[in-house]
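Read the structure below first, then the notes.
The values are calculated or read from the model by the stated rules, or taken from the named source; none is laboratory data. These numbers were taken from a predicted model, which means no experiment stands behind them. All Cβ positions, even for glycine, are placed from backbone atoms using ideal geometry, and neighbour counts span all protein chains on display. SASA here: full protein model, heavy atoms, side chains in, ligands and nucleic acids out. Shrake-Rupley method; radii C 1.70, N 1.55, O 1.52, S 1.80 Å.
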Amino acid sequence: MNFVEKISYSSNKNNSLLCIGIDPINDKLPECYRNSEDGYYEFSKKIIDSTHDLVCAYKPQIAYFSSVGKEDELEKIINYIKTTYPDIPVILDAKRGDIGSTAEQYAKESFERYDVDAVTINPYLGFDSLKPFLDYKDKGIILLCRTSNPGAINIQDLLVDGEPLYKKVASLIVNEWNYNNNCLAVVGATWPAQMKEIREIAKNIVFLVPGVGAQGGSIKDLVINGKNEDGKGLIISSSRSIIYASQNEFNFSDKARQAAKGIRDNINLYR
């Protein structure tokens with residue numbers, strides 16, 4: 001299975017469009033995992049075990065690991081998901097983007113070192129920076145299109161030939177870059193009107209949707225504006241509101257499950 005097929009399978013199996021972001025921060029972990037060997041791994045493992053039947057994917061953000069020298073724990077987390085819950089794809093949130101020769105190394109890092117199923121990519125260096133990723137035919141290439149942060153308007157809304165840049169990017173994804181049918185688009189939950197515009201351009205492209213939970217994106221608005229004709233086409237990511245639902249070492253994984261189930265079920269109300 002390629003990534004799009006795998007995400008469809010896991011979504012159907014768990015009746016879920018929810019993706020949980022694995023973004024550990026030492027000071028926010030339960031006390032027993034702070035400053036401990038393999039603390040990020042053990043914490044994340046508990047979150048995964050308590051939510052694996054509620055998600056369509058997991059999405060570790062590489063910066064939370066590399067900033068504190070815990071890439072080895074990231075590798076262990078990815079390997080744990082792939083061996084224990086092999087039907088659940090792993091998305092590496094890295095937002096890579098560089099000239100072609102460097103992009104080749106970033107692609108190798110994502111798909112060979114970490115062996116993830118998909119990776120997020122910044123497309124603003126153009127096609128030659130994307131091709132090393134796109135040529136991994138079975139992997140998912142998730143391209144930034146309209147991101148969830150407020151500053152997105154500074155660049156992504158700039159007019160190009162009378163159209164906002166994010167619509168130009170959506171058209172490129174559909175018409176030029178998706179030659180292996182492995183492209184997806186990042187479209188933030190905080191911009192439902194723009195999401196509707198992008199869906200009209202990219203009818204069959206799956207959206208990775210950040211911005212639910214701590215960033216305040218409306219589940220109802222994003223699902224109504226972003227779903228495809230089958231009520232799917234979305235990977236809706238939430239991180240902090242789930243993994244930090246409690247800092248109590250005795251119930252944090254149960255609280256994470258409750259939070260994940262609430263979001264999963266709320267999403268399904270509007271599909």
Completion exercise
Log entry, pairs with first residue in the stretch 1-15 being under 8 Å from residue 138 (Cα atoms), second being among the small types (Gly, Ala, Ser) and surrounded by fewer than 20 Cβ atoms within 10 Å (Cβ to Cβ), beta carbons closer than 9 Å, six or more apart or on different chains, reads 1/8
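Identify all residues within the stretch 150-180 that are in a loop (DSSP other than H, G, I, E, B), surrounded by 14 or more Cβ atoms within 10 Å (Cβ to Cβ) and in contact (Cβ under 8 Å) with a residue 12 or more places away in the chain; write none if there are none.
So the first thing to find is which residues in the stretch 150-180 are in a loop (DSSP other than H, G, I, E, B), and the list is 150-151, 157-158, 161-162, 178-180.
Adding the requirement that they be surrounded by 14 or more Cβ atoms within 10 Å (Cβ to Cβ) leaves 157, 178, 180.
Result: 178, 180.
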Handout entry: Residues of the stretch 59-80 satisfying the condition of being within 23 Å of residue 250 (Cα to Cα) and either within 15 Å of the chain's Cα centre (by Cα) or aromatic (Phe, Trp, Tyr) (or both)
Key = 80
Handout entry: Qualifying residues in the stretch 113-130 (those that are open to solvent by 20 Å² or more (accessible area, probe 1.4 Å) and within 20 Å of the chain's Cα centre (by Cα)) - the one farthest from residue 198 (Cα to Cα)
Key = 113
Exercise for the section: Quickly run through the stretch 237-271 and pick out the residues that are loosely packed, with under 15 Cβ neighbours inside 10 Å, over 21 Å from the mean Cα position of the chain (by Cα) and part of a helix (DSSP H, G or I). Expected result: 254, 269
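Out of 224, 243, 205, I need the residue that is in contact with a strand residue (DSSP E or B) (Cβ under 9 Å, 6 or more places away or on another chain) and touching a residue at least 40 places away in the same chain (Cβ under 8 Å). Which one? Break it down into steps so the answer makes sense when it comes.
Values: 224 fails: in contact with a strand residue (DSSP E or B) (Cβ under 9 Å, 6 or more places away or on another chain); 205 fails: touching a residue at least 40 places away in the same chain (Cβ under 8 Å).
Answer to the selection: 243.
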Handout entry: Members of the stretch 84-114 that are closer than 13 Å to residue 3 by Cβ and either in contact with a His (Cβ under 6 Å, 6 or more places away or on another chain) or part of a helix (DSSP H, G or I) (or both)
Key = 110, 111
Practice task
Please specify each residue of the stretch 1-23 satisfying the condition of being surrounded by fewer than 24 Cβ atoms within 10 Å (Cβ to Cβ) and of a type in the set (Phe, Trp, Tyr).
Solution key: 9
Exercise for the section: Among the residues of the stretch 102-149, write down those that are of a type in the set (Asp, Glu) and in contact (Cβ under 8 Å) with a residue 60 or more places away in the chain. Expected result: 117, 138
Fill in the blank from the handout: Inside the stretch 115-140, the number of residues satisfying the requirement of being hydroxyl-bearing (Ser, Thr, Tyr), under 29 Å from residue 86 (Cβ atoms) and either in a loop (DSSP other than H, G, I, E, B) or touching a helix residue (DSSP H, G or I) at 6+ places or on another chain (Cβ under 9 Å) (or both) is 1
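Listed here are the residues, each with its yes/no results for (1) in contact with a helix residue (DSSP H, G or I) (Cβ under 7 Å, 6 or more places away or on another chain); (2) within 16 Å of residue 12 (Cβ to Cβ); (3) modelled with pLDDT of 95 or more.
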site: 216; (1), (2), (3): no, no, no
site: 223; (1), (2), (3): yes, no, yes
site: 226; (1), (2), (3): yes, no, yes
site: 231; (1), (2), (3): no, yes, no
site: 236; (1), (2), (3): yes, yes, yes
site: 242; (1), (2), (3): yes, no, yes
site: 248; (1), (2), (3): no, no, yes
site: 260; (1), (2), (3): yes, no, yes
Fill in the blank from the handout: Over the stretch 149-173, the set of residues among the small types (Gly, Ala, Ser) and under 12 Å from residue 198 (Cα atoms) is 170, 171
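Restricting attention to the stretch 24-74, report how many residues are assigned to a loop (DSSP other than H, G, I, E, B), open to solvent by 50 Å² or more (accessible area, probe 1.4 Å) and modelled with pLDDT of 95 or more. Before you say what the answer is, go through the steps one by one.
Step one: of the stretch 24-74, the residues assigned to a loop (DSSP other than H, G, I, E, B) are 24-25, 29-30, 34-38, 52-56, 62, 67-70.
This time we only want the ones that are open to solvent by 50 Å² or more (accessible area, probe 1.4 Å), so: 25, 34-35, 37, 52-53, 67-69.
If we keep only those that are modelled with pLDDT of 95 or more as well, we get 25, 34, 52-53, 67-69.
So the count comes out to 7.
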